[in-house]
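Novice: Can you read through this structure? Questions will come right after.
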């Protein structure tokens with residue numbers, strides 16, 4: 001749980017003049033005990049599956065995309081500048097007349113800058129500091145409208161758009177959003193054209209690897225794409241929907257690190273993530289490998305690309321009968337693993353990093 005969300009609810013507690021009545025929207029929501037105060041009138045917007053799942057488990061209504069107007073809009077803006085201001089614009093758009101926007105940001109994630117953006121667009125704001133974070137808020141006063149031209153620029157800053165000379169659709173905030181990742185390109189170059197049957201792309205993003213599979217592997221019967229970020233699927237749908245093939249990719253909004261439902265795939269491809277925020281965390285990729293081992297059929301194959309220094313080989317040797325390094329460059333390695341054997345010990349015990 002972040003310091004920013006603690007600061008957010010602290011600000012609500014110590015400011016009796018702030019009304020918390022009426023409908024409440026929480027953008028980029030995270031689970032917190034104080035949410036119980038809004039029971040029955042709270043909508044949580046969250047596109048990141050692990051956090052959405054925590055909110056749902058706590059009994060809250062979760063939407064990938066919010067609709068309607070609200071008397072109070074809470075938001076934990078993204079640290080990246082374009083996403084940050086787009087979050088403020090989105091919060092404004094969901095405010096009912098006279099409604100209050102309240103945002104919180106950790107100091108290391110650009111809290112002062114975010115507060116300045118709100119002051120600029122709203123013509124002023126109130127704020128306080130707590131828990132190494134800043135909380136700032138402003139009212140949607142119809143007699144003093146927020147700057148419409150600035151709001152519109154902020155909205156457009158994260159809109160879906162064509163990239164790479166119009167070849168693909170993507171949007172800021174997705175992994176490698178405006179270019180083809182070098183590791184994914186290397187994996188695509190070495191994937192055999194004989195991939196066939198039921199196939200999955202784990203951590204599919206805006207769809208580059210899936211595009212390659214549908215265009216070049218003509219014996220694929222089904223293709224499932226998995227990603228924890230719901231914002232990726234509309235881009236992937238547009239990119240993959242124009243490919244002249246009988247196979248239609250089926251999206252799954254799912255946290256792959258928790259495992260997949262059943263063993264059903266003949267082939268799995270992936271370029272697994274290995275960061276938790278700014279911190280390198282190889283365990284994420286290991287959980288992807290564990291999920292793949294559990295989801296492949298007995299004669300199935302896993303094809304993955306990884307940064308050269310990531311220590312995946314030991315786990316692959318534990319969970320597959322055969323492991324081969326197809327190519328290694330100065331930065332990346334492509335690995336092929338055949339015939340899953342047993343699930344790794346940390347998956348059997350059900351351990352999960354929170």
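The values are calculated or read from the model by the stated rules, or taken from the named source; none is laboratory data. Quick caveat, the model's predicted, so the values are computed rather than measured. Positions of Cβ are backbone-derived with ideal geometry, glycine not excepted, and every protein chain shown enters the neighbour counts.
Novice: When you look at residue 310, is it within 21 Å of residue 182 (Cα to Cα), touching a residue at least 24 places away in the same chain (Cβ under 8 Å), in a loop (DSSP other than H, G, I, E, B) and assigned by TED's automatic domain parsing to the domain that holds residue 171, yes or no? Show your work before the answer.
Specialist: Details: within 21 Å of residue 182 (Cα to Cα): yes; touching a residue at least 24 places away in the same chain (Cβ under 8 Å): yes; in a loop (DSSP other than H, G, I, E, B): yes; assigned by TED's automatic domain parsing to the domain that holds residue 171: yes.
Against the criterion (within 21 Å of residue 182 (Cα to Cα), touching a residue at least 24 places away in the same chain (Cβ under 8 Å), in a loop (DSSP other than H, G, I, E, B) and assigned by TED's automatic domain parsing to the domain that holds residue 171), residue 310 qualifies.
Novice: Still on this structure: Tell me which of these residue 119 doesn't satisfy, since it passes every other one: (1) surrounded by fewer than 17 Cβ atoms within 10 Å (Cβ to Cβ); (2) modelled with pLDDT of 95 or more; (3) assigned to a loop (DSSP other than H, G, I, E, B).
Specialist: (3)
Novice: Let me confirm something: among 8, 12, 25, which residue is touching a residue at least 60 places away in the same chain (Cβ under 8 Å), farther than 23 Å from residue 160 by Cα and not in a helix (DSSP H, G or I)?
Specialist: Details: 8 fails: not in a helix (DSSP H, G or I); 12 fails: not in a helix (DSSP H, G or I).
Result of the check over 8, 12, 25: 25.
Novice: Out of the residues in region 324-343 meeting the condition of being buried (at least 19 other Cβ atoms within 10 Å of the Cβ) and over 26 Å from the mean Cα position of the chain (by Cα), tell me which one is modelled with the highest pLDDT.
Specialist: Start the filter on region 324-343 by keeping residues that are buried (at least 19 other Cβ atoms within 10 Å of the Cβ), which leaves 332-335, 337, 340.
Cutting the leftovers down to over 26 Å from the mean Cα position of the chain (by Cα) gives us 337, 340.
Numbers: 337: 98, 340: 93.
Ranking the qualifying residues of region 324-343, first place goes to 337.
Novice: Here's something else I'd like to know. Among the residues of region 284-296, is any over 15 Å from residue 175 (Cβ atoms), touching a helix residue (DSSP H, G or I) at 6+ places or on another chain (Cβ under 9 Å) and part of a loop (DSSP other than H, G, I, E, B)?
Specialist: No: region 284-296 contains no residue that is over 15 Å from residue 175 (Cβ atoms), touching a helix residue (DSSP H, G or I) at 6+ places or on another chain (Cβ under 9 Å) and part of a loop (DSSP other than H, G, I, E, B).
Novice: Applying the selection to region 85-116, what residues are in a helix (DSSP H, G or I), within 20 Å of residue 6 (Cβ to Cβ) and touching a strand residue (DSSP E or B) at 6+ places or on another chain (Cβ under 8 Å)?
Specialist: Here is the first cut: in region 85-116, the residues in a helix (DSSP H, G or I) are 85-93, 107-109, 111-116.
Within this subset, residues satisfying the condition of being within 20 Å of residue 6 (Cβ to Cβ) are 87, 91, 107-109, 111-112, 114-115.
87, 91, 107, 111, 112, 114, 115 - these are the residues of region 85-116 that are in a helix (DSSP H, G or I), within 20 Å of residue 6 (Cβ to Cβ) and touching a strand residue (DSSP E or B) at 6+ places or on another chain (Cβ under 8 Å).
Novice: Across region 192-219, what is the number of residues that are over 19 Å from residue 298 (Cα atoms) and either touching a helix residue (DSSP H, G or I) at 6+ places or on another chain (Cβ under 8 Å) or surrounded by 24 or more Cβ atoms within 10 Å (Cβ to Cβ) (or both)?
Specialist: The qualifying residues number 13.
Novice: Got a number for residues in region 54-99 being out of contact with any helix residue (DSSP H, G or I) (no Cβ under 7 Å at 6 or more places or on another chain) and farther than 19 Å from residue 39 by Cβ?
Specialist: First, pick out the residues of region 54-99 that are out of contact with any helix residue (DSSP H, G or I) (no Cβ under 7 Å at 6 or more places or on another chain): 54-59, 61, 63-72, 80-83, 87, 90-91, 93-99.
Filter once more, so that each one left must be farther than 19 Å from residue 39 by Cβ: 64-65, 67, 69, 80-83, 87, 90-91, 93-99.
Number of matching residues: 18.
Novice: Turning to a different aspect of this structure: Being touching a helix residue (DSSP H, G or I) at 6+ places or on another chain (Cβ under 9 Å) and surrounded by fewer than 22 Cβ atoms within 10 Å (Cβ to Cβ): is that true of residue 225 here?
Specialist: On the way: touching a helix residue (DSSP H, G or I) at 6+ places or on another chain (Cβ under 9 Å): yes; surrounded by fewer than 22 Cβ atoms within 10 Å (Cβ to Cβ): no.
So residue 225 does not fit the description; no.
Novice: Now, a different point. Residues 236, 263: which one is part of a loop (DSSP other than H, G, I, E, B) and either farther than 27 Å from residue 298 by Cα or in contact with a strand residue (DSSP E or B) (Cβ under 6 Å, 6 or more places away or on another chain) (or both)? Give the steps one after another, and end with the answer.
Specialist: Working: 236 fails: part of a loop (DSSP other than H, G, I, E, B).
Being part of a loop (DSSP other than H, G, I, E, B) and either farther than 27 Å from residue 298 by Cα or in contact with a strand residue (DSSP E or B) (Cβ under 6 Å, 6 or more places away or on another chain) (or both) holds for just one of 236, 263, which is 263.
Novice: Let me ask something additional. Would you mind stating whether residue 246 is under 29 Å from residue 52 (Cβ atoms) and surrounded by fewer than 20 Cβ atoms within 10 Å (Cβ to Cβ)? Write out each step before concluding.
Specialist: On the way: under 29 Å from residue 52 (Cβ atoms): no; surrounded by fewer than 20 Cβ atoms within 10 Å (Cβ to Cβ): yes.
No; evaluated as a whole, the condition is false for this residue.
Novice: Moving to a separate point now. Give me the residue from region 94-114 that is free of Cβ contacts under 8 Å to residues at least 60 places away in the same chain and under 18 Å from residue 152 (Cα atoms) and, out of that set, surrounded by the fewest Cβ atoms within 10 Å (Cβ to Cβ).
Specialist: Top of the filtered list is 95.
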